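Chemist: Take a look at the following structure, please.
The values are calculated or read from the model by the stated rules, or taken from the named source; none is laboratory data. What you are looking at is a predicted structure, and each value in this text was computed from that prediction instead of being measured. Every residue, glycine among them, receives a Cβ derived from its backbone with ideal geometry; neighbour counts consider all protein chains shown. These area figures cover heavy atoms from the full protein model, side chains too; ligands, DNA and RNA do not enter into them. Shrake-Rupley method; radii C 1.70, N 1.55, O 1.52, S 1.80 Å.
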Amino acid sequence: CKLVPLVQVFRFMLLPVAWPISKLLDIVLGQELGTYHSKQELTKLIQIHVEDPKAQEESGLTRDDQTMLTGVLEFRQKRVKDVYTELGKCFSVE
């Protein structure tokens, strides 16, 4: 916390150098788009990270995580009538 003012001073001093360089690099290299994956690719990546011991150790994903994440990816295709329980089959505990 004591060094925050010092860092602010360095940021202010280096702004005239860093900003033009960043703009030049944006023009030369273009915008960074990132990586896009389809639902099938994401499902396969999740499967790999659960089934491969080395990848599982790195990611920490479990079978329960896999079930939840793939369910989330498939959620849009599900309809209420596919997952609901009829009222006649429901019960309550008092």
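Chemist: Helix by helix, which DSSP H runs in the chain go 20 Å or more along their axis at the Cα atoms and have an average Kyte-Doolittle hydropathy of 1.0 or more?
Modeler: Values: long enough: 4-29 (33 Å, 1.55).
Passing helices, by number: 4-29.
Chemist: Is it possible to state the helix-based mean residue ellipticity at 222 nm for the chain, with each DSSP H run of 4+ residues giving -39500 (n - 2.57), the sum divided by total residues, to the nearest 500 deg cm²/dmol? What is it? Write out the running numbers ahead of the final one.
Modeler: Numbers: 5 runs with 62 residues, N = 94.
Only helices count here, giving -20500 deg cm²/dmol.
Chemist: Okay, next question. Please state the charge dipole magnitude for the chain, taken about the Cα centre, from unit charges on C-beta atoms (+1 on K and R, -1 on D and E), reported in debye and rounded to the nearest 20. Don't jump to the answer; show the numbers that get you there.
Modeler: Values: 12 positive and 13 negative charges, 85 e Å.
With Lys and Arg at +1 and Asp and Glu at -1, about 400 debye.
Chemist: For the chain, what % of the accessible area comes from carbon and sulfur atoms, probe 1.4 Å? Could you put the intermediate results ahead of the total?
Modeler: Values: 5760 of 9180 Å².
Carbon and sulfur together cover 63 percent of it.
Chemist: How many nm separate the modelled label positions at Leu45 and Val28, each set 7 Å beyond the Cα in the direction of the Cβ?
Modeler: For Leu45 paired with Val28, the spin-label model returns 3.0 nm.
Chemist: At a 10 angstrom cut-off on C-beta neighbours, averaged per residue, how do the peptides 80-91, 63-74 rank from highest to lowest?
Modeler: Highest to lowest by the protection proxy: 63-74, 80-91.
Chemist: Report the one residue of Tyr36, Met68, Ile46 whose Cα lies farthest in the direction of the positive end of the charge dipole of the chain (charges on C-beta: Lys and Arg +1, Asp and Glu -1; origin at the Cα centre).
Modeler: Farthest towards the positive pole: Tyr36.
Chemist: Quick check for you: with a 1.4 Å probe and neighbouring chains kept, what is the accessible area per residue of the chain, in Å²?
Modeler: Details: 9180 Å² over 94 residues.
Averaged over the residues of the chain, the accessible area is 98 Å².
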